[in-house]
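Everything below concerns the one structure shown next.
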Amino acid sequence: MKRQITLKNKVIQYLLRKNRLFQNLRLTIRSDGQLVVTAPKKLKLVIIEKILEKKADWLLEKLDQISRNHKKLFLEKENRSNYLTQKKWAQKKILFWVKKLATQNNFHYQKISIRNQKTRWGSCSRKGNLNFNYKIAFLPEKLAEYVIIHELCHLREFNHNLQFWRLVKSFLPDYLERQKELKKRYL
């Protein structure tokens, strides 16, 4: 259920979910800045709001951090025509990068899909299909390259085990820096 609360003179919208399996309150901030409060079924709204008020500094800081770091490089989906144009452009760019990196590094994949994923920059299936979020086309090229190499490496090592990370490092010696920078970005 959608609710709102005023914290330090700022109105915050949040989604309240009650769950009978929960024993504690959980606060989650989605990558789009949406606050989700998951609470035990019997916890009263008054108590929930007191907890939110107690956590106001932390919540406001995190919400502000997300809004500052969230690069508004892509258009809102409500503008469907611009979204489709943008996605088509991104698709060409990503396909070019993937084919180039796969050929240079002797990777073989089945097919590539470009999607508007909510939580992932990319993924690789056991069948060798590669999926990429169209938004990687709007990242700095070194971060897009990291996402692509990461997924290509899954064609040889499907897990995130030591061999996988050694393989990634063999292509991108600075992959840890790129990974750290990518984690600062929000989908």
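Summary of computed values
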{"quantity": "Leading residue by the ranking (nearest to Leu152 (Cα to Cα)) among those in the stretch 79-97 that are touching a residue at least 24 places away in the same chain (Cβ under 8 Å) and among the basic types (Lys, Arg)", "calculated": "Lys93"}
{"quantity": "Extreme residue, nearest to Lys118 (Cα to Cα), among residues of the stretch 14-41 that are without any contact (Cβ under 8 Å) to a residue 12 or more places away in the chain and part of a loop (DSSP other than H, G, I, E, B)", "calculated": "Arg30"}
{"quantity": "Scan of the stretch 98-115 for residues that are of a type outside the set (Ser, Thr, Tyr) and either touching a residue at least 12 places away in the same chain (Cβ under 8 Å) or outside any helix (DSSP H, G or I) (or both), ordered by number", "calculated": "Val98, Leu101, Ala102, Asn105, Asn106, Phe107, His108, Gln110, Lys111, Ile112, Ile114, Arg115"}
{"quantity": "Members of the stretch 137-160 that are part of a helix (DSSP H, G or I) and not β-branched (Val, Ile, Thr)", "calculated": "Ala137, Phe138, Glu141, Lys142, Leu143, Ala144, Glu145, Tyr146, His150, Glu151, Leu152, Cys153"}
{"quantity": "Residue in the stretch 116-136 that is assigned to a helix (DSSP H, G or I), within 23 Å of Gln65 (Cα to Cα) and in contact with a strand residue (DSSP E or B) (Cβ under 9 Å, 6 or more places away or on another chain) present", "calculated": "yes"}
{"quantity": "The stretch 1-13: number of residues that are out of contact with any Ser or Thr (no Cβ under 8 Å at 6 or more places or on another chain) and not in a loop (DSSP other than H, G, I, E, B)", "calculated": "9"}
{"quantity": "Complete set of residues in the stretch 1-38 that are over 15 Å from Leu59 (Cβ atoms) and of a type outside the set (S, T, N, Q)", "calculated": "Met1, Lys2, Arg17, Lys18, Arg20, Leu21, Phe22, Asp32"}
{"quantity": "Checklist (1) part of a loop (DSSP other than H, G, I, E, B); (2) surrounded by fewer than 17 Cβ atoms within 10 Å (Cβ to Cβ); (3) touching a His at 6+ places or on another chain (Cβ under 9 Å) applied to Arg185, failing item", "calculated": "(2)"}
{"quantity": "Condition met for Arg166 (at pLDDT 95 or above, loosely packed, with under 13 Cβ neighbours inside 10 Å and basic (Lys, Arg))", "calculated": "yes"}
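The values are calculated or read from the model by the stated rules, or taken from the named source; none is laboratory data. All figures in this text were calculated on a predicted structure; none of them were measured in a lab. Here Cβ is always computed from backbone atoms with ideal geometry, including for glycine, and neighbour counts include all displayed protein chains.
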